[in-house]
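Undergrad: Let me begin by handing over the structure; questions about it come next.
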Amino acid sequence: MRANFCPEKFSLLRIKNVLDKGRGIVNLLLVWSEHVKKIYLEAYNWPNDRVSVVGYPYKAKLEKYRKKRKQLSTPRVVFIGVYYSHFNEEDGNDFANLAKMVFDICNELGYDFVYRCHTGENHKEVEEKYRDIPNFKISSGRDPFDELTETSLLIGDLSSLMVEGALMGINSIQVLRDERFKEAARNGVYSSTYKVDYNREAIKHAMLSIMKEAKAPIIDNYELFLNEHIEENIRDEILKITSGFVNV
């Protein structure tokens, strides 16, 4: 029996990999919210009895850090790193160009910029990639919730940090770099983010609009997200689906 825990950050490529290759071995998908379940059922035709909503695993931590958010005199933009270069060098280079573009826009607008390393990224390799750019700040190893206490805006393509940012009152810009991310957006992945095409003026306009309007993120899809009984829910769902299994 195999169960996959699938938060909303579960990327389109990984979703397709599970759907194309995993139906015979994945017995149960455990998801954060009804919204995520709807994506699997409607967009990817996953069987209803093999997707269970169990809630969000870090509710207490989220509540703790939400109270610690700081008022910043200068907007601080956190660019969310990924590990694409490990899988596809061309994709990794494209993402690096996006990071440089956002850094350049931040300099123009007078915002602070920080590149937050993905847990799969090597800090030294990231430093080497951007070493020719003066004042390109890199954050690595810092607790993501602690990072969010000093964040005005998140920018990237796909990351669960965008969902957690929304729950802490922080807006995110999701850059639709190519058709993969556009398809994910059409299917409802990251409903709480601002969707922006991959060009400098569109990104700059979105950044200015968000900072000026100061609107709270849309989080209406997360009504069942903050479930404090997640451990019990996961246990119950696994027991339910394994009740008919026979040990041999």
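The values are calculated or read from the model by the stated rules, or taken from the named source; none is laboratory data. Note that the coordinates shown come from a computational prediction; the quantities given were computed from them, not determined experimentally. Every residue, glycine among them, receives a Cβ derived from its backbone with ideal geometry; neighbour counts consider all protein chains shown.
Undergrad: Please find, among G169, G165, the residue that is touching a helix residue (DSSP H, G or I) at 6+ places or on another chain (Cβ under 9 Å) and either at pLDDT below 80 or not in a loop (DSSP other than H, G, I, E, B) (or both).
TA: G165
Undergrad: Being over 20 Å from the mean Cα position of the chain (by Cα), within 19 Å of T151 (Cα to Cα) and at pLDDT 65 or above narrows it down to one of K61, K67, so name that one.
TA: K67
Undergrad: Additional query: Please verify whether the range 99-120 includes one or more residues that are among the hydroxyl-bearing types (S, T, Y), loosely packed, with under 13 Cβ neighbours inside 10 Å and modelled with pLDDT under 95.
TA: Within the range 99-120, one or more residues are among the hydroxyl-bearing types (S, T, Y), loosely packed, with under 13 Cβ neighbours inside 10 Å and modelled with pLDDT under 95.
Undergrad: Also, quick follow-up: Those residues that are part of a loop (DSSP other than H, G, I, E, B) and either of a type in the set (A, V, I, L, M, F, W, C) or closer than 25 Å to L148 by Cβ (or both), I need them from the range 29-58; list them, please.
TA: Of everything in the range 29-58, those that are part of a loop (DSSP other than H, G, I, E, B) and either of a type in the set (A, V, I, L, M, F, W, C) or closer than 25 Å to L148 by Cβ (or both) turn out to be W32, S33, W46, V54, G55, Y56, P57, Y58.
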